[in-house]
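Reading through the structure tokens given below for one structure.
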Amino acid sequence: MLSLQNAGKRFGPRILFLEANWLIRSHEKTALVGANGAGKTTLMKVLAGIETLDYGEMQQTRGMSIGYLPQDGLRLAGRTVFEECLTVFDGVRELEREAERLAAQMAELDHASPEYESTAERYSLLQERFHALDGYALDAQVGSVLSGLGFSKEDWSRRTEELSGGWQMRIALARLLLAKPNLLLLDEPTNHLDLETRNWLEDYLKSYPFGYILISHDRYFLDVTIDRTVEIWNKRLNLYQGNFTKYLRQKDERRAQLEAAYRNQREQIEHLEAFINRFRYQATKAKQVQSRIKELEKIERIEIPEEEPVIRFNFPQPPPSGRMVVEAESLSKSYGPKQVLDNVRFSIERGDRVALVGVNGAGKSTLIRLLAGTETPTAGTVKPGHNVVTEYFAQDQYKALDPEARMLDDISRAALKVSAVELRSLLGCFLFSGDDVFKPLGVLSGGERNRFALAKILVSPSNFLLLDEPTNHLDMRAKDVLLDALAVFSGTVIFVSHDRYFIDRLATRVLEVENGAVTSYKGNYEDYLRRKEVLAAGNSAIAEPAVAPEAQPAAARVSEPAAAENNGAARERPRRLNPIKQKQMEERCAFLEEEIPRIEAAIAHTEQQLGVYVSAAETERLTRLAEELRAQLAALIAEWEDLMLQLEAQAAAG
């Protein structure tokens, strides 16, 4: 499809990459990775034809179509959202209009005339092409993609210029997905998407009929959408087979090999230099010395490029709060006629790490503002516990910063016990290095100031953190620093994030905000999705009942009265099982506990095979097999959990 041959690109005096050779085949799903400033976006623009190479050449197949989504900067105007997306199909719609004109002509022509015959032939050809391009389903295609990307039907008729930059980027992404170019180039496509929309995009890309290249700081998104990784490292392009996790493992192995080769080469060089220095002035050894000098000159020196230092930053641990951190009673919130939260009851305990999830507009940010006290409930109360000190990080936290203050001075005042060296290392993790730390906050962009505000929270945390989209504007390195710090934080955290990897690593409980209610699920986002799937299949026993606080275990408690009523039967004393039936259930549990790891191993093996391309047919077979195994695994886990619940209830009753 497309290839780079001995390609090179400079940025001013700095070389981004050299001697790059890359064959981009059809249907390959690739991640482009590298350190900040390595040249990922520049290389994307080269592939898109926006920028040119300084060295080498790029070749592409005749007739190949390429679609490019930049990180930002797009502005659309003059049409509604739906009309803007329909422009992708202008060629197909022109076929339809021409066919209608020909149909009108045929109605007026003599059926026996040569003109009628040629017109009918042309009309038939147009109809065949129109059908082949699925012309009758254009509106349905546009509606499906817009809905998947989070646009409500009311949004379809809005003018594009009315929408914010983030929603404009969604429209641009929708146009690309509808156009289906042979090669999609997506630079940070998840930046403006919520979690549910990311999940939809993941599924869409998995079934995309052609190839694509992604730049993203979302590890989970990369893991599930790519089968190849290309890294810009040491001014070269390095290719790895497999998803992002496999790339990290292979990269460590390659670096270890490079370091071993570097050590061996240093030993060889030192040995040659020692010989030369020892016998340089002895006439009898002149020939051997000259031979060693030539050998030394021919050695191509191995370079070990500097890696970005790994920063481990721990919170200064806050004073402990009481066991109960916050309780909400009959909490409701409405904006005019719009009811966002309705009669919600919940309580959170010390040490919990709670992820709030739900579609855009469900009320996640509203709930977090109510907990922070920056909004007043329409009804009900939010009661903080003993010795609770709250810190709230808003999506627009930068507005609360002093624009005149210098960055390093401002963060130093918030962390009197942290050294300037540690503070500068921390700021470096959040992409502020060198003289950047002496800039006034007012000259920074909104995203930069939000990054700084988050770093500031890290150095002087309270014991109850409310974080609304803390991972926005952060690269993987900064996310890792934040994640590691929160993992050892002794306080309590409630957060909203659209980063699946971040939620899975941090959350101990998920609160779903939906239709004015709040429902609790134990575990991380993966556990939440699995339980939702089981519930959708009709197995309501797996859901954690949202019951009154006094009836729950000593963990974060969330209650929703309707859910409590629905689960009332589950709290009734169970009947004693027949001993034979109980024995059968125990044996079945033991079998499932052996079978589940076997299925998991089979899935892992299948995914490993998918990482090595053999043929389209083999990839399709392995993909089907992986889906069947995942469905089988979900069913077995659901059955095991159901059996365990029954056996535990029986033990409690006995």
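Condition check for residue 358 on (1) surrounded by 17 or more Cβ atoms within 10 Å (Cβ to Cβ); (2) under 25 Å from the mean Cα position of the chain (by Cα); (3) at pLDDT below 80: one failure, at (3). Taking the criterion of being among the β-branched types (Val, Ile, Thr) and either in the same structural domain as residue 615 (by TED's automatic domain parsing) or under 26 Å from residue 245 (Cα atoms) (or both), the residues of region 1-51 that qualify are 24, 30, 33, 41, 42. Please work out which residue is modelled with the lowest pLDDT, limiting yourself to region 9-61 and to residues that are in contact with a Gly (Cβ under 8 Å, 6 or more places away or on another chain) and hydrophobic (A, V, I, L, M, F, W, C). The residue in question is 11. Residue count for region 37-68, restricted to those that are among the acidic types (Asp, Glu) and under 14 Å from residue 15 (Cα atoms): 1. When restricted to residues that are closer than 21 Å to residue 445 by Cβ, part of a helix (DSSP H, G or I) and in contact (Cβ under 8 Å) with a residue 24 or more places away in the chain, region 424-434 contains 4. Out of curiosity, is residue 602 modelled with pLDDT of 75 or more, part of a helix (DSSP H, G or I) and touching a helix residue (DSSP H, G or I) at 6+ places or on another chain (Cβ under 6 Å)? Yes; evaluated as a whole, the condition is true for this residue.
Can you find a residue that is acidic (Asp, Glu) and surrounded by fewer than 17 Cβ atoms within 10 Å (Cβ to Cβ) anywhere in region 21-44? No: region 21-44 contains no residue that is acidic (Asp, Glu) and surrounded by fewer than 17 Cβ atoms within 10 Å (Cβ to Cβ).
The condition of being more than 26 Å from residue 174 (Cβ to Cβ) and surrounded by fewer than 18 Cβ atoms within 10 Å (Cβ to Cβ) holds for only one of 72, 54, that being 54.
If I filter region 118-138 down to residues being among the charged types (D, E, K, R) and surrounded by 12 or more Cβ atoms within 10 Å (Cβ to Cβ), which single residue comes out as nearest to residue 174 (Cα to Cα)?
Restricting to residues being among the charged types (D, E, K, R) and surrounded by 12 or more Cβ atoms within 10 Å (Cβ to Cβ), the top hit is 134.
Within the bounds of region 439-448, is there any residue that is in contact with a His (Cβ under 6 Å, 6 or more places away or on another chain) and either surrounded by 14 or more Cβ atoms within 10 Å (Cβ to Cβ) or closer than 30 Å to residue 244 by Cα (or both)? Checked against the condition, which is being in contact with a His (Cβ under 6 Å, 6 or more places away or on another chain) and either surrounded by 14 or more Cβ atoms within 10 Å (Cβ to Cβ) or closer than 30 Å to residue 244 by Cα (or both), region 439-448 yields at least one hit.
Within region 408-433, the set of residues being touching a helix residue (DSSP H, G or I) at 6+ places or on another chain (Cβ under 6 Å), of a type in the set (A, V, I, L, M) and under 19 Å from residue 485 (Cβ atoms) comprises 411, 414, 415, 418, 423, 426, 427.
Within region 605-633, being among the hydroxyl-bearing types (Ser, Thr, Tyr) and either surrounded by 12 or more Cβ atoms within 10 Å (Cβ to Cβ) or in a helix (DSSP H, G or I) (or both) holds for 606, 613, 619, 623. The residue of region 382-396 that is farthest from the chain's Cα centre (by Cα), among those that are surrounded by 17 or more Cβ atoms within 10 Å (Cβ to Cβ) and not in a strand (DSSP E or B), is 385. Scanning region 351-381 for residues that are farther than 13 Å from residue 509 by Cβ and either outside the structural domain of residue 527 (by TED's automatic domain parsing) or assigned to a loop (DSSP other than H, G, I, E, B) (or both) gives 358, 359, 360, 361, 362, 363, 373, 374, 375, 376, 377, 378. Within this structure, residue 404 passes the test of being over 21 Å from residue 477 (Cα atoms), modelled with pLDDT of 80 or more, in a loop (DSSP other than H, G, I, E, B) and not aromatic (Phe, Trp, Tyr).
Taking into account only those residues within region 260-293 that are in contact (Cβ under 8 Å) with a residue 24 or more places away in the chain and not aliphatic (A, V, I, L, M), which is nearest to residue 304 (Cα to Cα)? In this case the residue turns out to be 262. Can residue 294 be described as outside the structural domain of residue 422 (by TED's automatic domain parsing) and at pLDDT 85 or above? Answer is yes for this residue. For region 511-527, the criterion of being hydrophobic (A, V, I, L, M, F, W, C), assigned by TED's automatic domain parsing to the domain that holds residue 459 and within 17 Å of the chain's Cα centre (by Cα) is satisfied by no residue at all.
Restricted to region 31-110, the set of helices (runs of 4 or more DSSP H) holding at least 1 residues that are farther than 23 Å from residue 226 by Cα comprises 81-86, 90-108.
If I filter region 145-154 for residues that are free of Cβ contacts under 8 Å to residues at least 60 places away in the same chain, among the aliphatic types (A, V, I, L, M) and buried (at least 16 other Cβ atoms within 10 Å of the Cβ), do I get at least one hit? Yes, region 145-154 has at least one match.
Reported count of residues in region 79-110, each being in contact with a Lys or Arg (Cβ under 8 Å, 6 or more places away or on another chain) and either surrounded by fewer than 17 Cβ atoms within 10 Å (Cβ to Cβ) or not β-branched (Val, Ile, Thr) (or both), is 8.
Among residues that are surrounded by 14 or more Cβ atoms within 10 Å (Cβ to Cβ) and modelled with pLDDT under 70, residue 578 is not included.
Looking at 405, 400, 415, just one residue is without any contact (Cβ under 8 Å) to a residue 40 or more places away in the chain and either of a type in the set (Gly, Ala, Ser) or in contact with an Asp or Glu (Cβ under 8 Å, 6 or more places away or on another chain) (or both), and that residue is 405.
For region 362-385, the criterion of being over 18 Å from residue 513 (Cα atoms), modelled with pLDDT under 90 and basic (Lys, Arg) is met by none of the residues.
Counting only helices (runs of 4 or more DSSP H) that fall entirely inside region 219-301 and contain at least 2 residues that are within 30 Å of residue 497 (Cα to Cα), the qualifying elements are 219-225, 244-279. Checked against (1) buried (at least 17 other Cβ atoms within 10 Å of the Cβ); (2) under 19 Å from the mean Cα position of the chain (by Cα), residue 207 meets all criteria but (1).
The values are calculated or read from the model by the stated rules, or taken from the named source; none is laboratory data. Model, not experiment: these values are computed from the prediction. Neighbour counts are summed over all protein chains in view; Cβ atoms, including those assigned to glycine, are modelled from backbone coordinates with ideal geometry.
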